[in-house]
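Below: one structure, written as structure tokens.
All of the numbers you see were taken from the coordinates with simple rules; none came from a lab. What you see is a predicted model; the values in this text were computed from it and never measured. Every residue, glycine as well, gets a Cβ built from its backbone with ideal geometry; the counts of neighbours run over all protein chains shown.
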Amino acid sequence: GWGLTNESRHIMTEGDSKVFLNGDCHHPHISYTDGKYDGKYLFANDKANTRVARIRLDIMKCDKMIIVPNVQAIHGLRLQKVPHTKRVFANAEFIIPHPNDGKVFDITGDNSYTMYNAIDAETMEMAFQVIVSGNLDNTDADYEGRFAAATSYNSEKAFYLGAMMRNELDWVVVFNIHAVEKEVKAGDFVTLGDSKTPVVDGRRKDGKDSKFTRYVPVPKNPHGCNTSTDGKYFIANGKLSPTCSMIAIDKLPDLFAGKLADPRDVVVAEPELGLGPLHTAFDGRGNAYTTLFIDSQVVKWNLEEAVRAYKGEKVNYIKDKLDVHYQPGHNHASLTETNEADGKWLVALSKFSKDRFLPVGPLHPENDQLID
């Protein structure tokens, strides 16, 4: 009955006249207090219609929705972890012209870009938007409340597949959330179109970085972005590179202060894991678990041993590989996105099932696997 009752229709249309009868639901995440799940809310994004929804977990019902303005296709979504979930961070994936009124089709100009978006978790209203370079994919936040990061592909600003894969390095965009909030509070921002949402420019211009962002080069068309449960690393999963890039969060203040000669100096390891790394989970015992889309495997590897290997030490950081059925994308370990990861269970969310089931329709049934 969703969308038919007066109550649900009000939630769907509050603050906006559009009614969508479809959705493309991604990335459900539970709210935090001090890096632990507090059971208050669950947030999820609708990529097709550029929306974010909030579900109250005490009554298990959606109570708020927002259409994010000025952008197209909300994809990666993560929440502020510390001190509590004040902000919902949401990537807008695709570059569009501004204003997007159908007069301009060229996405290579300065007025074509996408944005990183922050939503107030309590009011479900926009807090701010940050203009960035490249297409944003996935995002995650730190365990201190200061930094967030997002993987970014299409540094080429291309509009067909081959050209989007031209560069060997794309980047992770790191956001200084404190700096953005300070700028917005001071009123130093612009607005776009009819929206009143504060917008700041986080692009690198004329060789100079903005106050809000740093661009860390990583290979290649990176996909998943995952914060290790110990709070030490952002992990960028390579997708078109067999590697993951480990960004040391404790080096980011120096990067923003201009004390590092090269933004790549914050990369402390780049372990080679296999073909098609997409997402990484953690067990709280120092190990990471990365899905390999092309290899149809989950690989278990050790974080600190990968750092040692990057420094030249001969150590085998890969601990195990397990075949899964087939083409895993996301994976989740129990409590892996909190500072209480318990290392008990891993779920491989396999995209394809191929020949495991009878072909009962246009697609085979999806097949997820529970791993000890």
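For the range 36-104, the Stokes-Einstein estimate of translational diffusion at 10 °C and a viscosity of 1.306 mPa s comes to 119 µm²/s, using the Kirkwood hydrodynamic radius over alpha-carbon pairs. Per residue, the convex hull spanned by the Cα atoms of the range 281-340 amounts to 88 cubic angstrom.
Report, in whole Å, the centroid distance computed from the Cα atoms of the range 220-266 and the range 69-95. The two parts, judged by their Cα centres, are 19 Å apart.
In summary, the lysines within cross-link reach of residue 259, defined as a Cα separation below 17 angstrom excluding same-chain residues under 8 places away, comprise 208, 211, 251. The listed peptides 227-235, 345-353, 5-13, ordered by packing as a protection proxy, come out as 227-235, 345-353, 5-13 (highest mean of other Cβ atoms within 10 Å first). Relative contact order of the chain, taken over Cα pairs closer than 8 Å and 6 or more residues apart, is 9 percent.
In the range 194-338, one over the average inverse separation of all distinct C-alpha pairs is 16.2 Å, which is the Kirkwood hydrodynamic radius. The equivalent ellipsoid that matches the C-alpha gyration tensor of the range 99-141 spans semi-axes of 25, 14, 7 angstrom, in descending order. Among beta bridges identified by DSSP and lying wholly in the range 20-270, the antiparallel ones come to about 95 percent.
Using every pair of distinct Cα positions in the chain, the Kirkwood expression returns a hydrodynamic radius of 21.2 angstrom.
From its DSSP helices (H runs of at least four residues, each -39,500 (n - 2.57)), the chain gives a residue-normalised ellipticity at 222 nm of -2000 deg cm²/dmol.
Which number do you get for Rg(Cα) / (2.2 N^0.38 Å) in the range 68-166? Walk me through the intermediate numbers first.
Numbers: Rg = 14.4 Å, N = 99, 2.2 N^0.38 = 12.6 Å.
Taking N as the residue count of the range 68-166, the ratio is 1.14.
Relative to the Cα centre, the charge distribution of the range 225-372, modelled as +1 at Lys and Arg Cβ and -1 at Asp and Glu Cβ, gives a dipole magnitude of about 240 debye.
Placing +1 on the Cβ of every Lys and Arg and -1 on the Cβ of every Asp and Glu, with no other charges, gives the chain a dipole of roughly 180 debye about its Cα centre.
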